[in-house]
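*Asks:* After the structure tokens below, expect a handful of questions from me.
The values are calculated or read from the model by the stated rules, or taken from the named source; none is laboratory data. Everything numeric here is computed off the predicted structure, so don't read it as measured data. Please note: Cβ atoms are built from the backbone with ideal geometry, for glycine as well, and neighbour counts cover all protein chains shown.
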Amino acid sequence: MNNLKSIAARSMATKLIAANLVVYLLVLVASLVNFLMASPFDIEGTVIEYLSVPASLSKLATLFWTPFTYMFLHTSFWHILGNMLWLYFLGVVFLSVFDGRRMLAVYILGGLSGALFYVAAYNLFPAFESALPVSSALGASAAVSAIVIAVCVYKPHEKLYFFGILPIELKWLGILYVLFDLFQIVGNNPGGHISHLGGAAFGAAFALCLKNGKDITQWFCSLTDSLVSWFGNTSSPKRPKMKVSYTNKGQNVEYTEVTTVSDEEFNRRKHDENEKIDRILEKISKSGYDNLTKEEKEFLFRASRK
């Protein structure tokens, strides 16, 4: 079961990485076309301008989609490499605790939080007044920061082994991660580090609220479930079959009853099942398999056979 969860983690992380790579390749192709065609029109610059989030509120009003697109945009190989490594390895840790829907939600909402912090800081603090008209932010760092800090706050005593040998508790990793960005604000890329802190703030809020029984990403997960359901099957709802057996006058008779379950209901049930599996696995890690109830053991056995 742990192997299945690890595969699921890699799957969602891979999808997000793929999205970032596609946009990165788009920028590279635009740069190549500019060079080969000696075009007076800056294709690469236009792509970057229309995908990165501007600090200026007047520009943001006309580029209103950029708080979403900027979190997939990179122009430097080392920038995208660093972000994708953090996303992959900490994404696997994240999915050992949460599910793929929450990973996507924390990535997107953390990225939006980073954009909010960035735009707010540049419009509020006098230090950025001269740079405000020409500044813009790009990169997945804020979204990735949300994932990193979420798991660090939710599982502070969990140990991560760097290179397989150097153990560090996630709480210390999270503290170092945030402190680095905090003190780098006075450096060459203040806007970038402010956006990282915005993503980190959302990740921490998500984890703390979840510990108190409130999932602040649930509305986003429900929205994506509805979109997947609508695009995935617009003609008819899912109709899983249920086989029932009974005895009539000494003879076994079987018939099949068809029940109608909507995609949204199916996704909700699947989510609830994953939540229950998570709780059982956490109980095993704390007190061992033998301390499970009979019902929990039977549920885990049935889930493993699916």
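*Asks:* Going by what's in this entry, would Ala142 be described as farther than 18 Å from Leu90 by Cβ, in the same structural domain as Ala55 (by TED's automatic domain parsing) and surrounded by 16 or more Cβ atoms within 10 Å (Cβ to Cβ)?
*Replies:* No; evaluated as a whole, the condition is false for this residue.
*Asks:* Looking at region 35-64, I want the residues that are crowded, with 17+ Cβ neighbours inside 10 Å and have a partner that is outside any helix (DSSP H, G or I) and of a type in the set (S, T, N, Q) with Cβ atoms under 6 Å, at least 6 apart or on another chain. Which pairs are those?
*Replies:* Once the first residue is crowded, with 17+ Cβ neighbours inside 10 Å and sits in region 35-64, its partners that are outside any helix (DSSP H, G or I) and of a type in the set (S, T, N, Q) give Ser52/Ser136; Pro54/Ser136; Ala55/Ser135.
*Asks:* Which of the residues belonging to region 162-207 are more than 14 Å from Gly139 (Cβ to Cβ) and touching a strand residue (DSSP E or B) at 6+ places or on another chain (Cβ under 7 Å)?
*Replies:* Phe162, Pro167, Ile168, Glu169, Leu170, Leu173
*Asks:* Further, regarding this structure: Listed residues Ile149, Ile194; which is farther than 30 Å from Thr46 by Cα, in contact with a helix residue (DSSP H, G or I) (Cβ under 8 Å, 6 or more places away or on another chain), touching a residue at least 24 places away in the same chain (Cβ under 8 Å) and crowded, with 24+ Cβ neighbours inside 10 Å? Spell out the reasoning first.
*Replies:* Numbers: Ile194 fails: farther than 30 Å from Thr46 by Cα.
After applying the criteria, what remains is Ile149.
*Asks:* Let me ask something else. Of all residues in region 94-137, which are surrounded by fewer than 18 Cβ atoms within 10 Å (Cβ to Cβ) and β-branched (Val, Ile, Thr)?
*Replies:* Of everything in region 94-137, just one residue is surrounded by fewer than 18 Cβ atoms within 10 Å (Cβ to Cβ) and β-branched (Val, Ile, Thr), namely Val134.
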